[in-house]
Structure formats: structure tokens, C-alpha cells
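First up is the structure itself, then whatever we jot down about it.
The values are calculated or read from the model by the stated rules, or taken from the named source; none is laboratory data. Treat the numbers as computed from the prediction; the structure is a model and nothing was measured. All Cβ positions, glycine included, derive from the backbone under ideal geometry; neighbour counts span all protein chains shown. Heavy atoms of the whole protein, side chains included, go into the accessibility calculation; ligands, DNA and RNA do not. Shrake-Rupley method; radii C 1.70, N 1.55, O 1.52, S 1.80 Å.
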Amino acid sequence: ELLHTKLEPTRTNVIARTFFAELREKHDVDDAVFLVDGAAPLKDACQRHGLDFRYKRHGNRNSVERVFREVKRRTSSFSNCFSNAQRDTADDWLQSFAFAWNQLI
């Protein structure tokens, strides 16, 4: 299930912290264990919010990567549609996709 999505042009500490703050507003994730890759902003954001996280290169994190790969596969044909779109338009589409994805699960 996709709990929260947000389209950003880059990955920074501030963006990651904001993402986790929004996620915590929507869902009770204080007891969750987040599986993160080597991205420093993700580790920093989890630490700042007091969330438990584990660095995973393989294993369970791969199931999350498969979801991302599927999102990329399904959206690759839309690249022409978003090339001139406003960021908010693409973000709205991504949120709609997450909603539809969760309905299929």
C-alpha cells in the first residue's frame, strides 16, 4: 500500500523531513520500521522524527523497489504528457495513481 506520495525535483534533508512530517500527520507510523537505502536525507529525516529505520540494500527493501519499478513502468508512456506539465499537475496524477494502486491491493 502506498501511504504517502509527493513529487519533488530533488532529494534534500528538508524535503525528506517534510515528507515524514506529512506521513506522520496522515498515519500512525511511530512503531513502524522504515527500510531505507543509502540516502542520507532519509536517515536524517527518520532520526529527526524519532522513527526507527534500518539500512537495507537487499531483502525486504526490494519489494518496495519493485513497487517503484512498476510505477515507473506504468508511467513511462506518459513522459510526453508531463514534460511540459506543472509540478502540481504531475503530483496530483501521482497521488491519484497511489489511490488507484491501493484499491487494487
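Please state which one of 83, 76, 96 is open to solvent by 40 Å² or more (accessible area, probe 1.4 Å) and modelled with pLDDT of 75 or more.
Matching residue, one of 83, 76, 96: 96.
Within segment 50-62, residues that are in a strand (DSSP E or B) reach partners that are modelled with pLDDT of 85 or more and of a type in the set (S, T, N, Q) with beta carbons closer than 9 Å, at six or more positions or on different chains, in the pairs 53/47. The set of residues in segment 9-44 that are among the aliphatic types (A, V, I, L, M), open to solvent by 50 Å² or more (accessible area, probe 1.4 Å) and either touching a Leu at 6+ places or on another chain (Cβ under 6 Å) or not in a helix (DSSP H, G or I) (or both) comprises 33, 35.
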